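Here is the structure we will look at.
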Amino acid sequence: MKKGLCAAALFLALLFAGAGRLSGAPTVESLTKALPRFDGWKMETPFSMPEDGFVTVGADYYQGDRFFQFMVIAGPEAPSAGPLPEELEQDRAAGRAETEEAVFSFLSLGGFSAVKVELKDESGATIWVDLDGKGWLLLGGDGMTGAEIEKLLGKVNLKGFAGLVR
C-alpha cells in the first residue's frame with residue numbers, strides 16, 4: 001500500500017477497464033474536452049478506458065519533477081465504492097478514519113462529498129469526489145499533500161463534471 005496513490009488509482013481504473021460501447025455513460029469525447037487545465041502544469045495526452053456502462057478518462061500533469069493525475073470515472077455502471085475500506089465506513093460520521101498506512105478525511109468540496117486519502121509516510125495523497133452517485137472524480141499525486149490537492153481541485157468545475165455524468 002506504500003506505492004503512490006496515483007498508481008493505485010490507475011490500477012483501480014484499469015481493473016474496471018475493457019472494450020465495448022458505452023450504454024448510457026458519458027462519451028469519452030465530452031469528458032476529454034472537459035479535462036481541466038492547471039496554470040503552471042503541463043497536461044500530457046489524455047487517456048480513456050471505456051467499459052460497458054461507464055468510462056474512465058484522465059490525464060497526467062507535470063511541473064518540473066512534480067506529477068499528479070486527474071481522472072473521472074462516470075456512467076450508470078460506474079463503481080459505487082470509493083477509496084474507503086468497507087470496515088471503516090462506520091467512521092464516516094466521525095469525519096476521519098485511519099488504517100496502518102493512510103488517513104481518510106471526509107469533507108465537502110463545491111457541494112459534493114469527498115474523501116481525502118493521505119499516506120502516513122507522506123508519499124502522496126488523493127482526493128475522491130463523489131459526483132452525486134454517478135461516478136468519481138479523482139486527483140492525486142505522489143509526494144503531494146492533501147492541502148495541495150484541495151487547492152488544485154478548487155480550480156475544477158465540479159458542477160460541470162457532475163452535469164456531464166448525469
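The values are calculated or read from the model by the stated rules, or taken from the named source; none is laboratory data. These numbers come from a predicted model, not from an experiment. Backbone-built Cβ (ideal geometry, glycine too); neighbour counts: all protein chains shown.
Quick notes on this structure:
- Within this structure, R96 passes the test of being surrounded by fewer than 19 Cβ atoms within 10 Å (Cβ to Cβ), of a type in the set (K, R) and either under 25 Å from D142 (Cβ atoms) or under 15 Å from the mean Cα position of the chain (by Cα) (or both).
This table checks each residue for (1) at positive phi; (2) in contact with a strand residue (DSSP E or B) (Cβ under 8 Å, 6 or more places away or on another chain); (3) of a type outside the set (K, R); (4) assigned to a strand (DSSP E or B).
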| position | (1), (2), (3), (4) |
| --- | --- |
| F68 | no, yes, yes, yes |
| M71 | no, yes, yes, yes |
| L84 | no, yes, yes, no |
| V117 | no, yes, yes, yes |
| A125 | no, yes, yes, yes |
| K159 | no, no, no, no |
| G163 | no, no, yes, no |
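- Here G146 meets each of (1) modelled with pLDDT of 90 or more; (2) in contact with a Gly (Cβ under 9 Å, 6 or more places away or on another chain) with one exception, condition (2).
- Of all residues assigned to segment 55-63, at least one qualifies as being surrounded by 12 or more Cβ atoms within 10 Å (Cβ to Cβ), modelled with pLDDT of 70 or more and of a type in the set (G, A, S).
- Qualifying residue in segment 123-143 (condition: farther than 21 Å from S80 by Cα, touching an Asp or Glu at 6+ places or on another chain (Cβ under 6 Å) and buried (at least 23 other Cβ atoms within 10 Å of the Cβ)): yes
- Which numbered condition G40 misses (of (1) part of a helix (DSSP H, G or I); (2) farther than 19 Å from L137 by Cα): (1)
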